[in-house]
Amino acid sequence: MTGVKIELLIEFTVILLAPIIHTYYLWKYKKVEKKELIKNVKIFAGFYAVLGLVVFILIFK
C-alpha cells in the first residue's frame, strides 16, 4: 500500500468515526429515543459497508 492509499484510508476512517461518537453521545447523555438511534445506524451502515469494501480492495489489490 502506498502512502496516499494509507492516508485516504485514515481520513475516511476518521470521518466515519464521527457519527458513531455522536450517536453514542446522544444515547448516553441526551437520552434520545431508540427510534432515532436506529435511524442513524441505518443511514451510516451504507457508508461503513463502502469503507469495508475500500479497505478490502486496498489490502488485497
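When restricted to residues that are polar (S, T, N, Q) and loosely packed, with under 10 Cβ neighbours inside 10 Å, region 13-29 contains 0.
Among (1) open to solvent by 90 Å² or more (accessible area, probe 1.4 Å); (2) of a type in the set (A, V, I, L, M, F, W, C); (3) in a loop (DSSP other than H, G, I, E, B), there is one condition residue 32 misses while meeting the rest; what is its number? The failed condition is (1). Residue 58 fulfils the conditions (1) at pLDDT 80 or above; (2) part of a helix (DSSP H, G or I); (3) open to solvent by less than 90 Å² (accessible area, probe 1.4 Å) except for a single criterion, (1).
Do we find that residue 6 is within 22 Å of residue 56 (Cβ to Cβ) and in contact with a Leu (Cβ under 9 Å, 6 or more places away or on another chain) in this structure? If you could, list the steps in order and put the result at the bottom.
On the way: within 22 Å of residue 56 (Cβ to Cβ): yes; in contact with a Leu (Cβ under 9 Å, 6 or more places away or on another chain): yes.
When the stated conditions are applied, residue 6 passes them.
Among the residues of region 1-12, those identified as out of contact with any helix residue (DSSP H, G or I) (no Cβ under 7 Å at 6 or more places or on another chain) and surrounded by 10 or more Cβ atoms within 10 Å (Cβ to Cβ) are 6, 7, 8, 10, 11.
Taking the condition open to solvent by 60 Å² or more (accessible area, probe 1.4 Å) and within 10 Å of the chain's Cα centre (by Cα), does residue 47 pass? It would help to see each step written out before you state the result.
Working: open to solvent by 60 Å² or more (accessible area, probe 1.4 Å): yes; within 10 Å of the chain's Cα centre (by Cα): yes.
Answer is yes for this residue.
The values are calculated or read from the model by the stated rules, or taken from the named source; none is laboratory data. In this text, all values refer to a predicted model and were calculated from it rather than measured experimentally. All Cβ positions, even for glycine, are placed from backbone atoms using ideal geometry, and neighbour counts span all protein chains on display. The area values use the complete protein model at the heavy-atom level, side chains included, leaving out ligands, DNA and RNA. Shrake-Rupley method; radii C 1.70, N 1.55, O 1.52, S 1.80 Å.
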